[in-house]
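Working notes, beginning with the structure itself.
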Amino acid sequence: MFRTFLLTALAALLLLPSVAFGQEDATPRLEDLVPDHTFLFASVNDVSSMREQASRTAVMKLWQEPEVQQFLAPGMAMIEQQLAMLEKQTGHRLSELCGLLQGQLALAIIEYDPAYGPIPDAVALVDLGSQMESFKKAHAEMMAGVGDQISVSVVEYAGVSYQNVTLPIGLEISVGYLGNALVIASAPERMAGMIDAWKKGLPTSLAKSRTFQAVKRNTGGDGAWLNVFFNMESVLGFFGEQVDSMTMRAMDVLGVREIKALGIGSSFHGEGIRDTFFAYVPGEKVGIMGLMYTSPGDGTKLLSRVPANAFYASAGRVDLHELMGRVLEMLGEVEPGMLEQALAGLGQARDLLGLDIQQDLLLPFGEEMAFYAALPDGGGLIPDIVFMNRLRDPDKFLNSLGKLVLAAQEQMKNDRRVKVDLRSMEFMGKTIHYVHVGHKRGDPVPVMPSLYLDGNLVVMALYPQVLKDHIARGPNAPSILTRPDFARVLKGLPVGMDSLEYMDFNAGMRILYGTLAPIIQLAANDLDCPLDMAYLPRTETIAKHFFGGAWGMDLGEEGPALHSYTPMGLMPLMAVSMLPALFLSNSRASMPAEVIFAKPEPMPEHVKPEIEEPKTVPAAPGRRQLEEIYIGLLFHFAQTDKFPKDLGEMVASRAIEDAASLLLPGDEAPLTTASGQETSFAYVGPKPGFLTKGQESVIWVYERDGRPGGMRWVLFASGDIERITEADFQKLIEASRKAAK
């Protein structure tokens, strides 16, 4: 839904003619032009300032590392080749067009009803600021190459001219200028509403909505580079009648209908980015929100007992006993049968263990708890994993622990090879309790759960040795609060978090990257990968640009806000996490050039080595033309939703810039296609472009005349371009022609 509209808006943005619209009034912001019931609103608040702020981040410094640039050079060359055809169509580099964006870049989905088609009632706004005239000039130059591919009609409304643009895929959108802002609307009716709002104002605009203001205030306000607003109240009201009664009851019990809106904000802070996820719940906190507010207050005090060498730590407040009771209560309200099943399961656990899960196991635990992972003080491969809790009832807790061991002994009584005991030992004035599992055959035991009490504080670990280190360290030892990296990332969060979570990305990157790099290097050898894994950047090159990340929950009166502060931000992180899958899914595509790296010569120690830049060699004739034909076929399909009947049709549709791309150098007598276009290549047909299992070897385009030595360049339906023997070609061509029919 959104993807279709965004592609449509982008197409209109690239194809819009340079015609003066609008008036000399101040440039509006999109939130002032759309109604308060708008479903979704997303805004990059100031593109020009975002560029400047992003340049100061640690990730940008990592990108500028020569080792990183060298490693990615072949991949960037592939991307540039894929964009070449689009740049030929527009006459401008995309970076130049993006450089013209100055102010707000925003999208609003006002309403969406699937019954009326895939395009929602939506509008996009691009504030061009002082670059308006340059933008119009670029449009005029681009329009010269568009030809008859789009249909444009000019409409006058309320003294403002705008255009209705019909795209090749049959969609009609409206495009115009309001002040220095380019506005793209999904329908003429919406454009008319935008013009009315711009000229007369909108009493019930989104900007004036209390809900919108509250969400924006809690997600960074005007200081955020990105704000996203999702109107839960409006969406549920619109689709409420379509929801069945049981689902509606579940939503009421879970408190979903009390959530008026959701928001996301992203802001630059120092060398990192703060992301905020906020749920606007101005009234009573019930359901899921009620569970979050079960134990309000500062839950970070136990961080003072987390050692300074911990690479992960979290602290907060949760009443496990009350939490379980509320969950059971909600199950009964949603569906009594679900509660009966849950109670039956708890009853079976009670019979097996001899104690009640809620009353005997969970009730002794207090609300204040913490968890951390650290590398052992003396070194080791397995990290120390520790859980801490301020117990509500230490005596009941130990009693329940004894019952658990007795239950285990009862289960093992018929197995003479295994013996389970609850044992104790003294260490530096503290009593360590641990569960000992004895195997008469000498089988190894993977863990030995252990704990000790310090007043009402229980400290639990997987091995007694971990607790010995914790006791020996003492309560006044340097904690994670004294760790410079922790203090650094804490400055990226608002003051007064109810709970905190910390991860040392620098240490994590050194461990994970250093471990995975050889594995990635080996795996990449089996792929048709344009990157040379031998040039993978060193661990230190990557790790030195990463610092820790922190997450904090703020349970405010207007609703909960989860703040995150990381070196690269969660939104870019999610985008980057998808790149490997996207890259590997297209790794079989042909490359624009073969990259050759020179072997580095040994350098004297006193000489600083310089990083060798990758060298490229041009693709051979035949391969080079097939690469451009392949891109042209894909571009033609993107324009028309179908593949051409013959190669000449791509020249007519400007999917290929000129006919020279269809000729081999020195070819004096090319053949002619049905459309009258001379070409050195034969086109099997459109169907191989839609691959099914077993069609990887289907030939799509091939050289009409073989080369000396009986070799011939072919483009397979998979996108691979290879030079094959005449014998192999004859075996494949007949099957390929049948597949094309």
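The values are calculated or read from the model by the stated rules, or taken from the named source; none is laboratory data. Since the structure is predicted, the reported quantities are computational estimates derived from the model, not experimental observations. Cβ sites come from the backbone with ideal geometry, for glycine too, and all protein chains shown count toward neighbours.
In this structure, does residue 332 turn out to be surrounded by 15 or more Cβ atoms within 10 Å (Cβ to Cβ), farther than 30 Å from residue 474 by Cα and of a type outside the set (A, V, I, L, M)?
So residue 332 fits the description; yes.
Give the residue, chosen from 688, 644, 670, 665, that is buried (at least 20 other Cβ atoms within 10 Å of the Cβ) and at pLDDT below 80.
Just a single option satisfies the conditions, and that option is 688.
Inside region 304-351, can you point out the residues that are under 23 Å from residue 393 (Cβ atoms) and of a type in the set (A, V, I, L, M)?
315, 318, 320, 323, 324, 327, 328, 346, 349
Checking the structure you have, find out if any residue of region 227-248 is out of contact with any Lys or Arg (no Cβ under 9 Å at 6 or more places or on another chain), within 29 Å of residue 43 (Cα to Cα) and not in a helix (DSSP H, G or I).
yes
Which condition number does residue 464 fail, the rest of (1) over 17 Å from residue 304 (Cα atoms); (2) surrounded by fewer than 17 Cβ atoms within 10 Å (Cβ to Cβ) being met?
(2)
Could you count how many residues in region 359-391 are surrounded by fewer than 18 Cβ atoms within 10 Å (Cβ to Cβ) and modelled with pLDDT of 90 or more?
Here the count works out to 4.
Test residue 278 against the criterion of being closer than 24 Å to residue 108 by Cβ, of a type in the set (Phe, Trp, Tyr) and crowded, with 21+ Cβ neighbours inside 10 Å, and give yes or no.
Yes; evaluated as a whole, the condition is true for this residue.
Which residue, of 307, 296, is in contact with a Lys or Arg (Cβ under 9 Å, 6 or more places away or on another chain) and surrounded by fewer than 16 Cβ atoms within 10 Å (Cβ to Cβ)? Steps first, answer last, please.
Details: 307 fails: surrounded by fewer than 16 Cβ atoms within 10 Å (Cβ to Cβ).
One residue alone meets the criteria, 296.
Residues checked against (1) more than 25 Å from the chain's Cα centre (by Cα); (2) within 18 Å of residue 552 (Cβ to Cβ); (3) crowded, with 21+ Cβ neighbours inside 10 Å:
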| position | (1), (2), (3) |
| --- | --- |
| 243 | yes, no, no |
| 256 | no, no, no |
| 266 | no, yes, yes |
| 283 | yes, no, no |
| 287 | yes, no, yes |
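When region 160-187 is examined, which residues are found to be free of Cβ contacts under 8 Å to residues at least 40 places away in the same chain, among the small types (Gly, Ala, Ser) and either surrounded by fewer than 23 Cβ atoms within 10 Å (Cβ to Cβ) or more than 17 Å from residue 121 (Cβ to Cβ) (or both)?
170
Take region 259-286 and flag every residue that is touching a Gly at 6+ places or on another chain (Cβ under 6 Å) and farther than 26 Å from residue 547 by Cα.
Correct list: 279, 280, 281, 286.
Among the candidates 428, 448, 412, single out the residue that is in contact with a Phe, Trp or Tyr (Cβ under 7 Å, 6 or more places away or on another chain) and at pLDDT 70 or above.
448
With touching a residue at least 40 places away in the same chain (Cβ under 8 Å), assigned to a helix (DSSP H, G or I) and of a type in the set (A, V, I, L, M) as the only criterion, which of 291, 328, 323, 303 stands out?
Values: 291 fails: touching a residue at least 40 places away in the same chain (Cβ under 8 Å); 328 fails: touching a residue at least 40 places away in the same chain (Cβ under 8 Å); 323 fails: touching a residue at least 40 places away in the same chain (Cβ under 8 Å).
Just a single option satisfies the conditions, and that option is 303.
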